[in-house]
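Trainee: Here it is, the structure, as C-alpha cells.
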Amino acid sequence: MVYPNGEVHWVVARGRGIYNATGQPVRMLGVILDVSEQREAALRERNKAEAASILEERNRMAREIHDTLAQSFTGILLQITAATQVLTDDLQATQTHLDVMDELARTGLAEARRSVAALRPQLLDEGNLSSALHRLVTQMRATADTALIYEVRGTVHPLPNEVENHLLRMGQEALTNAIKYADASEIRLELLYEEAQCTLSIKDDGCGFRMDSLPAEGGFGLLGMSERAEQMGAQLMIQSQPGQGTEIVVVFSQERAS
C-alpha cells in the first residue's frame, strides 16, 4: 500500500461479508494491519542468518585449507630439515627423506584439488578412521625424532563421514603441533571405540603451555579443533601446563549427536 506521502507500507487484510436473509450483502467486517515493521525485522533476521551462514562456510573452508595444504607444507619443511642434516653423511637416508617429500607434495596437491570438489581427506579414501590415522602416524614417523605410539582399542565400527573427517583433521593438527612445537620425546595417540561412542586422545610429554595464554603457534589450529568439535556435537578437552605436556581428548557420542 502506498501512503499519500509516497511511503510504501505492507499490510495484512482479513474480512468477511454480512448477508441478509435474501443473500444480499449488507456490510463487511474486517481488519487491516500494517505489518511493515514486522516485515523489516524479518528481513533483518534473514539477512543476519544468511551472513552467519556465509561466515560459517568461510570458516569451514579456512579450516580445510589449514588442515590440508598447511599440514602438507609443514611436513615437507620438516623433511627438508631432516634431509639437510644427513645430506653429507648418509645418502640413502637423504633419498628416503626426498621420497617422503615427493609423497607429501603429491598428497598436498591431491588434497588441494579435492578441497574444491569434495572436502573429504584422501587418507580416508582407502579405509576407515583407524586405518587413516595409522597411515598418518606412519608418514609422520619418517619426519620426526619423536617416538609416536598409536593404539586402537575396542571394536572398530564406522562413523558418519563428516565425523571421521573432523576426527582425522583434529588428530593431524594435534600431532603436527606436538611434533613442531612441544619438543616432546613421546607422543601417544589413542583411538577408543565403544558401543555408542568414539574417543580420540593425543598426549605428549613436551613443554606444554598455560591454558590462559594459548601459544601463537598453532593457535588457529586449536580454534579450528574447537569449531570442528562444536560442528559434530563432540566434547573437546585440552589440558596443558608448562613443563607437563599437553593432552587433547575428543569424545564423540552418537546418542548425543542424534
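The values are calculated or read from the model by the stated rules, or taken from the named source; none is laboratory data. Predicted model, so just to flag it, every value in this text is computed and none were measured. Cβ sites come from the backbone with ideal geometry, for glycine too, and all protein chains shown count toward neighbours.
Trainee: Taking Cys207 as meeting all but one of (1) at pLDDT below 90; (2) over 23 Å from Leu192 (Cα atoms), write down the number of the exception.
Mentor: (1)
Trainee: Here is a follow-up. What number goes with the only condition from (1) assigned to a helix (DSSP H, G or I); (2) more than 21 Å from Ser131 (Cβ to Cβ); (3) more than 11 Å from the chain's Cα centre (by Cα) that Ala229 does not pass?
Mentor: Status for Ala229: all satisfied but (3).
Trainee: For the stretch 48-56, indicate whether the set of residues that are part of a helix (DSSP H, G or I), farther than 30 Å from His9 by Cα and at pLDDT 75 or above is non-empty.
Mentor: Yes, some residue in the stretch 48-56 is part of a helix (DSSP H, G or I), farther than 30 Å from His9 by Cα and at pLDDT 75 or above.
Trainee: While we're looking at this one, here's another question. Considering each residue of the stretch 229-250, count those that are surrounded by fewer than 18 Cβ atoms within 10 Å (Cβ to Cβ) and farther than 17 Å from Phe209 by Cβ, and give that number.
Mentor: 4
Trainee: While we're on this one: Taking the stated definitions as given, is Val137 in a strand (DSSP E or B) and surrounded by 14 or more Cβ atoms within 10 Å (Cβ to Cβ)? I'd like the intermediate steps shown before the answer.
Mentor: Working: in a strand (DSSP E or B): no; surrounded by 14 or more Cβ atoms within 10 Å (Cβ to Cβ): yes.
No: the conditions fail for Val137.
Trainee: Okay, moving on. Within the stretch 111-132, track down each residue that is part of a helix (DSSP H, G or I), at pLDDT 75 or above and more than 16 Å from the chain's Cα centre (by Cα).
Mentor: First, pick out the residues of the stretch 111-132 that are part of a helix (DSSP H, G or I): 111-117, 122-124, 129-132.
Retained after the next criterion (residues that are at pLDDT 75 or above): 129-132.
If the condition is that a residue be part of a helix (DSSP H, G or I), at pLDDT 75 or above and more than 16 Å from the chain's Cα centre (by Cα), then Ser130, Ser131, Ala132 are the ones that fit.
Trainee: Checking the conditions here, which among Thr155, Thr199, Thr176 is at negative phi, of a type in the set (Val, Ile, Thr) and assigned to a strand (DSSP E or B)? Give the steps one after another, and end with the answer.
Mentor: Values: Thr155 fails: assigned to a strand (DSSP E or B); Thr176 fails: assigned to a strand (DSSP E or B).
Within the list Thr155, Thr199, Thr176, the selection yields Thr199.
Trainee: Regarding Thr143, is this residue at pLDDT below 90, among the hydroxyl-bearing types (Ser, Thr, Tyr) and part of a loop (DSSP other than H, G, I, E, B)? Can you show your working first?
Mentor: Details: at pLDDT below 90: yes; among the hydroxyl-bearing types (Ser, Thr, Tyr): yes; part of a loop (DSSP other than H, G, I, E, B): yes.
So Thr143 fits the description; yes.
Trainee: Condition first: farther than 16 Å from Leu78 by Cβ and surrounded by 15 or more Cβ atoms within 10 Å (Cβ to Cβ). Now tell me which residues in the stretch 167-191 satisfy that. Don't jump to the end; show me each part of the working.
Mentor: Taking the stretch 167-191 first, the residues farther than 16 Å from Leu78 by Cβ are 167-171, 185-186, 188-191.
Those that are farther than 16 Å from Leu78 by Cβ and surrounded by 15 or more Cβ atoms within 10 Å (Cβ to Cβ): Leu167, Leu168, Arg169, Met170, Gly171, Arg188, Leu189, Glu190, Leu191.
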